[in-house]
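Accompanying notes for the structure given below.
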Amino acid sequence: MTDKTLLKRTLVIGLVIAFPASLWLKQLGGLNVFSDYSANGLYSVIAYSLAVFPMGLAYAAGFALLWFKKSYWFIIFAAPGRMALTNYLSQTLISIIIFYGLGFGLGMRGAPMSLLFIALIILVLQIGYSALWLKYFRFGPVEWLWRCMTYGKLIPIRYVNR
């Protein structure tokens, strides 16, 4: 069996398991681990596990298959990938401010599609910011700090001959 065959099987099996489990989880009312100690709570944990893990594997297999096809639109993820820790931390901070009660609290008030739209805007802004930052600097700011702490010395962050 080739790698692509395994990835295709993983994609199909993951989706076949995850979609019905997601519908079952929705029917049960979502994941109620902390408030529901009944059989319904147990079923929701089982449904969640059957929905999330196979779906994650299906996503990973799908992206790997796209990578094998040499989809050149993946190049837009190169700059954010080089600044992964910076983007992760900034996305966490931005999302806490927008979605949680510490900031605007939109997470519980917004419709799912509007929340998805906001998340996509954040992603697009981070892609643009990463590309712009990396035109002038070799690393993201947090990656640079991490390298300096790892090596125990100050590492140049700017490009030398630009």
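The values are calculated or read from the model by the stated rules, or taken from the named source; none is laboratory data. All of these numbers come straight from a predicted model, not from anything done at the bench. Cβ coordinates were reconstructed from backbone atoms using ideal geometry, including for glycine residues, and neighbour counts include every protein chain displayed. For the accessible areas, the whole protein counts, side chains as well, though only heavy atoms, and no ligand, DNA or RNA atoms are used. Shrake-Rupley method; radii C 1.70, N 1.55, O 1.52, S 1.80 Å.
Things to note:
- The count of lysine pairs in the chain whose Cα atoms are under 18 Å apart, excluding pairs fewer than 8 places apart on the same chain, comes to 4.
- Computed from backbone phi, the HN-Hα couplings of segment 120-130 come to 5, 4, 4, 4, 4, 4, 5, 4, x, 4, 4 Hz, rounded to whole numbers (Karplus: 6.51 cos²θ - 1.76 cosθ + 1.60, θ = phi - 60°; Gly and Pro given as x).
- Protein heavy-atom surface of segment 53-131, 1.4 angstrom probe: 81% of the accessible area is carbon and sulfur, with nucleic acids and ligands not counted.
- Highest-first arrangement of 3-15, 44-56, where packing means the average Cβ count within 10 Å: 44-56, 3-15
- Packing rank of 151-157, 116-122, where each peptide gets the mean count of other beta carbons within 10 Å, highest leading: 116-122, 151-157
- Ordering Val52, Ser130, Phe104 by Cα displacement along the dipole of the chain toward the positive end leaves Ser130 in first place; charges were set at the Cβ atoms of Lys, Arg (+1) and Asp, Glu (-1).
- The residues of segment 43-90 expose on average 65 square angstrom of accessible surface per residue, using a 1.4 Å probe on protein heavy atoms.
- Secondary-structure-derived ellipticity at 222 nm for the chain, considering helices only, amounts to -24000 deg cm²/dmol, per-run term -39500 (n - 2.57) for DSSP H runs with n ≥ 4.
- Computed from point charges on the beta carbon alone (+1 for Lys and Arg, -1 for Asp and Glu), the dipole magnitude for the chain about its Cα centre is near 760 Debye.
- Net charge of neighbours whose Cβ lies under 11 Å from the Cβ of Pro156, counting Lys and Arg as +1 and Asp and Glu as -1: +4
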